[in-house]
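One structure below.
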Amino acid sequence: MPRYIRFILVFLFTASFLQAQKPTSPSASKIYESLQKINFLGSVLYVAAHPDDENTRLISYMSNQVKARTGYLSLTRGDGGQNLIGPEIRELLGVIRTQELLAARRIDGGEQLFTRANDFGYSKHPDETLSIWNKNEVLSDVVLAIRKFKPDIIINRFDHRSPGSTHGHHTASAMLSMEAFDIANDNSQFTEQLERTSTWQPKRLFFNTSWWFYGSQEEFEKANKENMLSFDVGVFYPLKGVSNNEIAALASSQHLCQGFGRLSQRGSQKEYIEYLKGIPLENNKDVFSGIDTSWKRIKGGKAIGAILYKIENEFNFKNPSQHIPQLLEAYELLQNIEDEHWKNLKTKELKSIIEMCAGLYLEASANTNWTTRNETVSLNIEALNRSNTSITLESLTLGNGDHVSKNIALQSNDPEKFKQDYHISSKENYSTPYWLSKKGSLGMYNVENKNLIGLPETPRNVAVNFNLKINNTPITFTKAVIHRYSKPDKGELYRPFEVIPEVSAKIKEKVIIFETDTPKKISVTVKAGRDNLQGSVELCTPNTWSVSPKSQTVSMDLKGEEQTFDFTVIPPKNKEEGYISPLVKINGKTYSKELIEITYQHIPFQTISLPSESKVVRLNIKKKGEYIGYIQGAGDVVPESLEHIGYKVEIITPESISQEALRKFDAIVVGIRAYNTVETLKFKQELLFDYVSQGGNMIVQYNTNRGLKVDNLAPFDLKLSRDRVTNEHAKVHFLHPEHPLLNYPNKITQQDFEGWTQERGLYFPDEWDDAFTPILSMNDKNESPKEGSLLVAKYGSGYYIYTGLSFFREFPEGVSGAYRLFANMLSIGKEDLKLKATLND
């Protein structure tokens with residue numbers, strides 16, 4: 001097996017608890033590295049705004065070279081970005097990016113923290129950011145993170161002194177970190193937190209600077225570096241067989257939904273951090289200078305250190321279990337430490353080392369991957385001692401409070417396997433991301449349970465405590481219940497064990513467009529969470545909408561069974577919007593949530609329970625043309641959205657593009673970022689341009705100005721910029737009110753730009769050939785007008801349109817004006833002769 005692949009496997013399986021992933025199989029070198037880390041009593045907190053903002057090189061260096069406890073505080077979960085691997089956006093994208101961050105931390109050795117801030121999309125200034133976020137609540141969360149993590153060192157990814165020069169979230173993260181540094185130790189600030197934690201004063205605060213912040217390498221070389229520390233983050237780790245930069249690259253590559261998969265780097269590379277405040281530096285080499293990072297820093301720690309340092313210095317790589325008696329001695333001393341922070345932190349680390357040295361394998365696997373409240377599941381319990389140490393399984397304590405005595409001596413390499421029933425309480429929380437349990441606001445998630453604030457994911461309460469005696473020392477190891485199974489074509493697999501509602505219901509389409517007052521059939525899929533489900537389902541609609549039948553009977557014998565029920569929905573005569581929801585009634589209880597499952601190979605399986613709701617829009621819309629070819633890019637729901645308004649959409653691959661294949665389409669639409677992500681499109685551009693010249697319409701949606709795979713986006717000169725309008729309410733001016741795009745077949749008015757979400761658009765062109773006609777002008781506050789959001793050019797007999805308007809965001813939200821404008825774009829050139837004459841006059 002190639003060394004790099006071995007490295008991937010080792011790192012993916014080294015966490016003490018991985019949801020839905022194989023349990024750890026630690027090597028002796030991993031145990032030794034854990035000893036090195038337990039003997040370093042210092043911590044670093046890295047602070048930024050989003051997933052992918054973190055510098056994995058520096059996080060890995062601090063964790064693996066310095067051996068410090070290292071955390072990354074991402075203020076948001078990246079909910080406002082784009083998704084390059086699937087259709088999930090907004091809160092579901094936040095779930096994916098949360099798991100990608102956790103995957104990255106499993107590789108670089110860091111820990112992950114969050115605030116309640118919601119990534120509402122691009123922001124041009126921290127003032128705007130903090131006005132949409134609740135500044136006081138986000139500051140409170142940053143203070144809480146500092147008080148709980150208790151870092152000696154804080155490193156900001158961004159510069160607090162440069163508002164307006166980068167993403168407003170970026171600068172806001174640095175500003176909040178600066179403020180929190182000063183008040184985290186003030187017991188008059190956020191006093192309610194002190195019931196759960198204590199004040200803390202970090203020792204130093206730094207800014208992770210680089211040439212990028214200076215504009216160029218040359219300017220950075222000239223900069224005064226007296227206040228900076230530098231590190232060679234390209235250090236090689238013989239115990240791992242890889243360098244720090246290789247680890248960092250693999251960690252960063254976990255951000256797949258952002259297209260961050262990249263090549264690894266090797267060799268020397270410098271990172272710089274600029275001292276901002278705190279205890280003055282004693283030298284320009286050691287970030288921890290003057291800070292005691294030995295066991296002597298805590299009262300009673302000297303005796304523990306004497307034991308653990310000796311084990312580290314004399315570690316037996318061939319037989320780590322030799323050290324268990326001394327590790328147990330240190331463990332017992334550690335329980336008498338008064339400092340609760342270090343006691344809890346180092347107890348967790350020490351238990352893990354003991355578990356690894358003994359080769360303990362402890363597992364609780366359910367016979368299913370999900371169940372409901374008030375149900376009993378059978379667990380397969382396995383306990384294995386792979387050492388000669390005396391270990392007894394005294395008992396099990398289940399997460400529901402049940403206690404089961406065992407008193408089983410675990411003989412060396414002789415697995416103990418048995419069944420154990422686990423009853424799920426009627427009050428057990430459903431398995432879903434805690435920050436999505438209650439409806440939040442544009443800028444903030446609503447978290448009622450204050451104990452959950454900052455956690456990366458919802459704690460797994462369905463768990464088993466293995467109460468052991470190791471050489472007569474009582475130690476408990478907690479293992480979350482999982483589902484272990486196999487498939488003939490995949491081998492052994494793991495999934496998290498979930499608690500779901502006894503019934504769920506969903507409407508597949510999240511936006512349903514009624515282009516006329518003709519009734520539509522809407523299907524509701526009901527899924528049983530348990531056996532023998534009897535009840536009814538109905539569809540709740542706005543008052544002016546009608547539905548038939550009023551109710552239908554639900555009857556399912558087996559859990560996991562699904563039934564689909566068709567309802568006829570009759571819209572009102574005139575334009576109107578509203579929401580419909582399925583309601584399932586079982587034994588006097590009403591259920592209105594749907595179960596969403598997210599499956600990608602690089603993250604654990606995710607189950608989310610959200611309110612089931614679909615937007616219905618009675619839309620006055622006209623269109624010409626019928627058959628649309630769609631070239632997919634980074635992933636969006638535009639094809640499905642166009643089908644909702646009556647178009648027939650065919651997904652076409654670059655390989656299938658030919659003159660003959662294109663001829664049948666009334667228009668070709670290119671998906672978002674297709675020219676950033678689809679390499680083979682560069683070989684098909686001329687065919688697409690020929691299609692336009694022969695009378696076809698081609699609509700290209702936004703691409704970023706970096707990483708284009710083609711030399712020519714358009715048949716005429718067109719240059720992309722970073723121009724964007726982030727205010728979704730920004731005034732839109734019609735530059736050419738008479739143009740067909742604004743008149744045919746739908747008359748576009750200012751009303752069509754009401755109700756837009758997150759932004760107007762992004763990455764507008766700022767230079768274009770005279771052949772293009774700009775249609776719209778818009779701008780954010782205090783900025784010059786941007787005229788590149790919608791450009792149209794006649795090319796031969798057809799039309800080429802480039803648009804940076806965020807249709808991919810507006811369609812899933814059912815924004816009627818976006819549909820009407822896009823229909824005009826598809827219909828251009830197909831207006832009747834009478835209208836053409838009028839427009840020409």
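Every number here is computed from the coordinates shown, using simple stated rules; none is lab data. Please read all numbers here as calculations on a predicted model, not as lab measurements. A quick note on method: Cβ atoms are made from the backbone with ideal geometry, for glycine too, and the neighbour counts reach across all protein chains shown.
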Practice task
Could you work out how far helix 168-183 tilts from the main Cα principal axis of the chain, as a 0 to 90 degree angle to the nearest 10?
Solution key: 30 degrees
Problem - Unsatisfied cross-links (Cα-Cα over 29 Å) in the set Lys124/Lys203; Lys664/Lys731; Lys417/Lys490; Lys203/Lys296; Lys203/Lys343 - result: Lys124/Lys203; Lys664/Lys731
Practice task
Work from the charge dipole of the chain (Cβ charges, +1 for Lys and Arg, -1 for Asp and Glu, about the Cα centre) and give the residue of Gln201, Ser641, Asn156 farthest towards its positive end.
Solution key: Gln201
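Provide the packing ranking of 112-120, 763-771, i.e. peptides ordered by the mean count of other C-beta atoms within 10 Å per residue, highest first.
By packing density, highest mean first, the sequence is 112-120, 763-771.
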Exercise for the section: Give me the distance in nm between label points sitting 7 Å out from Cα along the Cα-to-Cβ direction at Asp531 and Gln659, one decimal. Expected result: 6.6 nm
Exercise for the section: Could you work out how far the C-alpha centroid of region 662-705 sits from that of region 715-741, in angstrom? Expected result: 20 Å
Exercise for the section: Determine which aspartates and glutamates satisfy two conditions relative to Lys270: a Cα distance under 13 Å, and not lying fewer than 8 residues away in the same chain. Expected result: Glu221, Asp232
Practice task
Can you pull the one-decimal nm distance between simple spin-label points at Asp557 and Lys794, each 7 Å off the Cα toward Cβ?
Solution key: 6.8 nm
Handout entry: 4 °C / 1.567 mPa s Stokes-Einstein diffusion coefficient of region 42-290, Kirkwood radius on C-alpha pairs, µm²/s
Key = 70 µm²/s
Fill in the blank from the handout: Residues whose modelled amide H sits under 5 Å from the amide H of Asn185, counting only those 5 or more places away in sequence or on another chain, are Trp200
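Can you give the FRET efficiency to the nearest 0.05 for Glu226 and Glu192, using r as the Cβ-Cβ distance and R₀ = 30 Å?
Between Glu226 and Glu192 the formula returns 0.10.
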Fill in the blank from the handout: Length gained if Ile291 through Glu679 is fully extended, taking 0.36 nm per residue and subtracting the Cα-Cα distance, is 134.5 nm
Exercise for the section: Pop the C-beta distance of Glu218 and Gln265 into the FRET formula with R0 = 25 Å and round what comes out to the nearest 0.05. Expected result: 0.65
Practice task
In whole Hz, with x marking every Gly and Pro, tabulate ³J(HN,Hα) for region 483-492 from phi via Karplus 6.51 cos²θ - 1.76 cosθ + 1.60, θ = phi - 60°.
Solution key: 10, 9, 8, 9, 10, x, 9, 10, x, 6
Handout entry: Bridge type composition, the chain - antiparallel percent by DSSP, nearest 5
Key = 70 percent
Handout entry: Options [x] 30.6; [y] 34.9; [z] 29.9 - which one matches Kirkwood radius over Cα pairs in Å as calculated here
Key = [z]
Exercise for the section: Give the peptides 651-662, 582-593 in descending order of average Cβ contacts within 10 Å, highest first. Expected result: 582-593, 651-662
Problem - Gain upon complete extension [Asp517, His341; 0.36 nm per residue less C-alpha separation] - result: 56.9 nm
Fill in the blank from the handout: Cα-based Debye curve of region 503-618 sampled at q = 0.18, 0.22 Å⁻¹ gives log₁₀ I(q)/I(0) of -0.90, -1.18
Problem - Pairwise label distance in nanometres, Ala303 with Asp127, each label 7 Å out on the Cα-Cβ vector - result: 6.0 nm
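Quickly estimate the mean residue ellipticity at 222 nm for the chain, helices only: each DSSP H run with n ≥ 4 gives -39500 (n - 2.57), and the total goes over all residues, rounded to 500.
On the way: 20 runs with 191 residues, N = 841.
So the helix-based figure for the chain works out to -6500 deg cm²/dmol.
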Problem - Packing-based exposure ordering (other Cβ within 10 Å, fewest first) of His644, His736 - result: His736, His644
Practice task
Read phi for every residue in region 528-538 and hand back ³J(HN,Hα) as whole Hz from Karplus 6.51 cos²θ - 1.76 cosθ + 1.60, θ = phi - 60°, with x for Gly and Pro.
Solution key: 7, x, 8, 6, 6, 9, 10, x, 8, 10, 9
Handout entry: For region 776-793, 3J(HN,Hα) per residue [Karplus equation, 6.51 cos²θ - 1.76 cosθ + 1.60, θ = phi - 60°, Hz, x = Gly/Pro]
Key = 10, 10, 7, 6, 7, 4, 6, 10, 6, x, 10, 10, x, 6, 8, 10, 10, 9
Exercise for the section: Take peptides 779-786, 26-33 and line them up by average Cβ neighbours within 10 Å, highest first, as a rough protection proxy. Expected result: 26-33, 779-786
Exercise for the section: With 18 Å as the limit, write out which pairs from Lys682/Lys794; Lys37/Lys310; Lys622/Lys747 have Cα-Cα distances beyond it, or answer none. Expected result: Lys682/Lys794
Exercise for the section: Please find the FRET efficiency linking Arg706 to Glu394, where r is the Cβ-Cβ separation and R0 is fixed at 51 Å, and quote it to the nearest 0.05. Expected result: 0.30
Exercise for the section: Rank these for me by crowding, Phe665, Phe260, going from fewest to most other beta carbons within 10 Å. Expected result: Phe260, Phe665
